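As structure tokens, the structure follows; a few thoughts come after it.
The values are calculated or read from the model by the stated rules, or taken from the named source; none is laboratory data. Since we're looking at a predicted model, the values are computed, not measured. Heads up, the Cβs are rebuilt from the backbone with ideal geometry, glycines too, and the neighbour counts pull from every protein chain shown.
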């Protein structure tokens, strides 16, 4: 068994070396596919971070009627804090809201005089609410409006921010779907090119395959060297892909970080290096081996 395995591996390596000129196109397409899939992985990570950063700056505010007691508002806050989707709640009292309003409009004499003429604080207390996912804001609004606290609330500014919130969520979903579709297209193209290359090498080995069949070699024994050849293409492609991607990350990372603070793709690459290597080698070897299996399978049926 071990001897047969050694022969298969040796035959596959020799076959890959003999057909190295024909294999250039296969390796090139596999490199492109692996690089693009890795790039899409990084792009998805960047998009997730960017969208989460934007979402963290978006919240909704529930404004309470002026006569609502502070204890009741704090009770609403406590109820919201018990919900899993809520990440933060900030209570803005009427007094704090007035102080902030005065600070913002400290240079506006008209507003300052208007406030001086008022006998009471006209501003409402509010709760600023943030959730995990933008799609969850609608559920929070429904909970506040239809629950036992609905009578305490004057208004919720969700409708004004709904367009921005939904747009952010749609962008994130579209990017993920687009990345998945593009990855499948590239995988299909890579398998097709590798498949055709393996088929070409099979024509050169047609006589050898015929002899192996005559001496009673099993389909598995005939198929295995071609699979090894495909695996070699995949492994070589993964190595070259890493050699292309790493310098690109070194070049892009500082420029991207200056544009989007807090996003460091070099640190992400270094901390996830083994996972990324496993993905690249896994994709390359899978594409090479799968293409070879399909090609030799069709050939053996002929």
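A few notes on this one:
- Which listed residue is over 36 Å from the mean Cα position of the chain (by Cα), surrounded by fewer than 19 Cβ atoms within 10 Å (Cβ to Cβ) and either within 21 Å of residue 72 (Cβ to Cβ) or in contact (Cβ under 8 Å) with a residue 60 or more places away in the chain (or both), from 121, 128: 121
- Residue tally, condition in contact with a helix residue (DSSP H, G or I) (Cβ under 9 Å, 6 or more places away or on another chain) and closer than 21 Å to residue 76 by Cα, over the stretch 95-118: 0
- When restricted to residues that are more than 22 Å from residue 196 (Cβ to Cβ) and at pLDDT below 85, the stretch 212-251 contains 9.
- Lone qualifier among 165, 156 - being modelled with pLDDT under 75 and buried (at least 20 other Cβ atoms within 10 Å of the Cβ): 165
- Any hit, the stretch 124-134, residues being in contact with a helix residue (DSSP H, G or I) (Cβ under 6 Å, 6 or more places away or on another chain) and closer than 18 Å to residue 103 by Cα: yes
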